[in-house]
Amino acid sequence: NQGGEMKTTAVLTVEAEETKPQTGAKIPTDSSSDISKIEQRPHITSNSKSEVLKKQSSSPPTSTKRPTRTEKQRSRDYYPDVVPSDELIDIGAIAPAFLEKLPPEIIVEDGEDVLLFCIVKGLPSPCVLWLCNQRIVEESSICSIKHDGLLCSLKLLKVSQSHSGAYTCKAVNSAGETACNTLLSVTERKIQDKIEKQIEMEVRVPPVFKRKIESQEVIVAHATQFE
């Protein structure tokens, strides 16, 4: 199938069962068998010979040609467990169709969460597969797949640039299949954010006064100001 292949083998050995001679049975010898054959042979006269020859000449020649068989019949004989796809279509089945497809392109920054979703219908309810660069996506600690009614979703947590690629949602049932695609691009964070974070984490500068306050002399009961 689309996910790969697997096979298994076995060896069947059939042994012939030994036949036991019946007790008291008479074993015929060569001479007795020849005598019985002569006795059982019918007496053929000249008239009977001519009748036999007439019957043989009048009977039509039998054809030795094997009857032709269709490829479908031969496939059914060689592969009895394989059912042709045209026989799998259920009565009243409806091929899958997307009511809402994936967007053509999604751009996110490194470390963000991504939610891909689409709405698909079909009868019977289709089997939904998610693929990334033509490989099946499996659930993990950072990947969650859900199929609730018509809604199909794929959620990726804290994506990195390794998650970039072409994502495909494929729906399959007995009546057919369909798919939609999107391109996920994961970019680096803005340079300014990285610089500020780097300054905050690595560079620690003590405070410095650009201008110090100076001493002043004032008269009693007069206002003053330090800058």
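The values are calculated or read from the model by the stated rules, or taken from the named source; none is laboratory data. From a predicted model like this one, the values you see are computed outputs, not experimental measurements. Glycine also receives a Cβ, built like all others from the backbone with ideal geometry; neighbour counts cover every protein chain displayed. Ligands, DNA and RNA are excluded from the accessible area calculation, which covers all protein heavy atoms including side chains. Shrake-Rupley method; radii C 1.70, N 1.55, O 1.52, S 1.80 Å.
If each residue of separation counts as 0.36 nm, what is the full-extension length gain between LYS212 and LEU151 once their alpha-carbon separation is subtracted?
Length gained between LYS212 and LEU151: 15.3 nm.
Indicate the gyration tensor shape class of the stretch 132-227 (rounded, prolate or oblate), computed on the Cα atoms with a ≥ b ≥ c the square roots of the eigenvalues: a/c under 1.5 is rounded; otherwise a/b larger than b/c is prolate and the rest oblate.
Values: a/c = 5.88, a/b = 4.02, b/c = 1.46.
Prolate, because a/c is 1.5 or more and a/b exceeds b/c.
What does the accessible area per residue of the stretch 94-227 come to in Å², with a 1.4 Å probe and no ligands, DNA or RNA counted? It would help to have the intermediate numbers written out before the result.
On the way: 10110 Å² over 134 residues.
Accessible area per residue: 75 Å².
What FRET efficiency comes out for LEU12 versus LEU123 if R0 is 35 angstrom and r is the Cβ-Cβ distance? Round to the nearest 0.05. Intermediate values should be presented prior to the final figure.
Values: r = 42 Å, r/R0 = 1.20.
Efficiency, from the Cβ-Cβ distance: 0.25.
Taking a ≥ b ≥ c as the square roots of the eigenvalues of the Cα gyration tensor of the stretch 103-145, is the shape rounded (a/c under 1.5), prolate (a/b larger than b/c) or oblate?
Prolate, since a/c reaches 1.5 and a/b exceeds b/c.
Multiply the residue gap between SER185 and HIS222 by 0.36 nm, knock off their C-alpha separation, and tell me the result in nm, one decimal place. Display every interim value, and only then the final one.
Values: separation 37, 0.36 × 37 = 13.32 nm, distance 6.85 nm.
Length difference between fully extended and current span is 6.5 nm.
If you count, for each residue, the other Cβ atoms within 10 Å and average over each peptide, how do 107-119, 133-145, 168-180, 3-15 line up from highest to lowest?
Details: 107-119: 13.8, 133-145: 11.8, 168-180: 18.5, 3-15: 4.8.
Taking the mean over residues of other Cβ atoms within 10 Å, the ranking is 168-180, 107-119, 133-145, 3-15.
Rounded to the nearest Å, what's the spacing between the alpha carbon centres of the stretch 130-183 and the stretch 103-126? Just the number, please.
7 Å
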